Each structure stands twice: as C-alpha cells, then as structure tokens.
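I have placed the structure first, in the form of structure tokens, so that the comments after it can refer back to it.
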Amino acid sequence: MNIKRIIAFILSIFFLFAFTGCMNKTSSTYSPIGIIRIDGQIVGGESSVSLFGSSAVGSETIMKQLREAQKDSTKVIILRINSPGGSSPASEEIYEEVVKLKKAGKKVIVSMGDVAASGGYMIACAGDYIYALPSTMTGSIGSIIEWNDYSDLYDKYGINNHTIKSGKYKDIGSPSRKPTQDEIKLLQDTVNETYEYFVDIVSKERKIPKSQLKKIADGRIITGKKAVEYKLVDEIGNLYDAIDKAKSILNISGSVKIKEYTTKKTLIEQILGT
C-alpha cells in the first residue's frame, strides 16, 4: 500500500467518524422532554459524590442545567426530586431559576422520589404539576439554626476559650459559651424571616391561604398521600406518570425521546467518586 492509499484510508476513516458524529448530533438535537435530577442534600457550589456513594446537590450545577434547558428546544422539563433539603440559600437559588425557566415558556413537572422535603419541597413548589408517591416524605416547611453548647464540658475540665471580636454578636453560636437572650432573639428573628419567605413561596405557588397553610407549616414531615389532601401535591404518581403528563401537554402518543441533563465528569472523577 503506497503513501497515497494510506492517506486516503486515514481520511476516509476520519470522514466516516465525522459523518457518524454529525448524524448522532442531528438525531439528538431535538428532545421535547427533559429530566433534571435533584438527588441528595442541597448545598451551595457544584454537585459532588463522595467515596461512600452519598451525593450533594450543588445549586450552581443545577442552575447551569436549568439555564441549558431554558436555551434549548426542550418544551417540558421533569424535575426528579429525591432530597431532604439542605442549605436555604442554595434551595432558593434553584427555586428562582426554575421560576425563570417557566417564564421562558417551559412547562415544569415535578416527580418526587423517596423524599422531597424542606428545601427539596421549596424547589418542587415551582412546578406546574407535582407528583408524589403515597409514602414519599415531603413537607417539612420551616427553618432552623442549631449548634452544640460545650460550655459545661469546658467548665468541668477547666478548658478556657479566649475570643477577640469586633462586635458583641461576632461569635454568636460559639460552642464554648451559652447564648445570651439578645442572641437567641436575634437568631429567632432570622429563623422567622426565612420561615416567612418559605411560607410565602408555598402559599403563592400552591394557591393556599397563609392562614390555612400555617396549620401544617410547622416543620412536620408528611406523606405524599397526605400532601395531596393538603394540596401541597397535585396527584399520586411515579416518574413514568410524570412523563405521561409531559407527553399529554405536548399531545404526543407513543414513545418519545427524553433528554437527561447531567454534569459530565472525567474518568478519574468517576473512579474516585468526586
């Protein structure tokens, strides 16, 4: 085989792969339904998976996926939520981005898994329609601040903690001393403010009067079955019911291509689980 034939052979292989890539790209260009998974504790920053398999849902990761969904040709987005909540600001970031997605003309269907509570439920509220399983743990509408107080233990063992601070509240929540009444009031006011924001979201999105909502918005966990009765959830159903709902909105019968919004990881990251 002379040099010309070798070059021709290499070029033919190159164009074959290029053509195949274009075909694959073309075939995956339009997906009317997309799925974004919120699986794990909600935190700020990027999503991650530990070596032990537990996952953290990073608000920045999910917001990127929501922005991608906002720009592409997908018409209906299914939020598959399996989260006990987590960071209030991170949950709020994701919630606001889902609201923007809807303003861009996309429909949002929520499918709850094992749990969609606290911040997970806050995000779910932005959906146009919410499905939960009968035993899904949801609700937990509330806010909390907590820390450990080791001051008695410090006294028992003669441990002294020295703090230099710029203001009287700078070491609020320190485990080395008991909180003052002023600090307790300040923290309670902060919790109440965050709580009222959460209640306002649920009341607005679910169209439930605040006076009625507050009867159950006391931090309690409720099942999906009860959540339907309380109007926190629209219907009992699983992920495939949510997909069928999306198809119904789009007037599609039969099978349909569904786009999975995921964050790509390197092979090393996959192996290490980071």
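Quick rundown of the values:
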item: Exposure rank, largest accessible area first [Thr61, Thr262; 1.4 Å]; result: Thr262, Thr61
item: Solvent-accessible ranking of Lys106, Lys207, largest area first, probe 1.4 Å; result: Lys207, Lys106
item: Too-long pairs where the Cα-Cα distance tops 19 Å, listed order kept, from Lys102/Lys210; Lys100/Lys231; Lys75/Lys245; Lys207/Lys247; Lys75/Lys226; result: Lys102/Lys210; Lys100/Lys231; Lys207/Lys247; Lys75/Lys226
item: Under the Karplus curve 6.51 cos²θ - 1.76 cosθ + 1.60, θ = phi - 60°, whole-Hz ³J(HN,Hα) for segment 56-73, x wherever Gly or Pro sits; result: 10, 8, x, 4, 5, 5, 5, 5, 4, 5, 5, 5, 5, 5, 5, 8, 8, 8
item: With all protein chains modelled, accessible area of Lys178 [1.4 Å, Å²]; result: 110 Å²
item: Anisotropy class of segment 139-274 from Cα gyration tensor, a/c 1.5 cut; result: oblate
item: Whether segment 67-121 is rounded, prolate or oblate, judged on the alpha carbon gyration tensor where a/c under 1.5 counts as rounded; result: oblate
item: Portion, in percent, of the accessible area of segment 70-149 that falls on carbon or sulfur, probe 1.4 Å; result: 48 percent
item: Isotropic mean projected area of the C-alpha convex hull, segment 104-198 (nm²); result: 10.3 nm²
item: Ser253 accessible area, assembled protein chains, probe 1.4 Å, Å²; result: 100 Å²
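The values are calculated or read from the model by the stated rules, or taken from the named source; none is laboratory data. Note that the coordinates shown come from a computational prediction; the quantities given were computed from them, not determined experimentally. Just the protein is used for accessible areas: all its heavy atoms, side chains included, with ligands, DNA and RNA removed. Shrake-Rupley method; radii C 1.70, N 1.55, O 1.52, S 1.80 Å.
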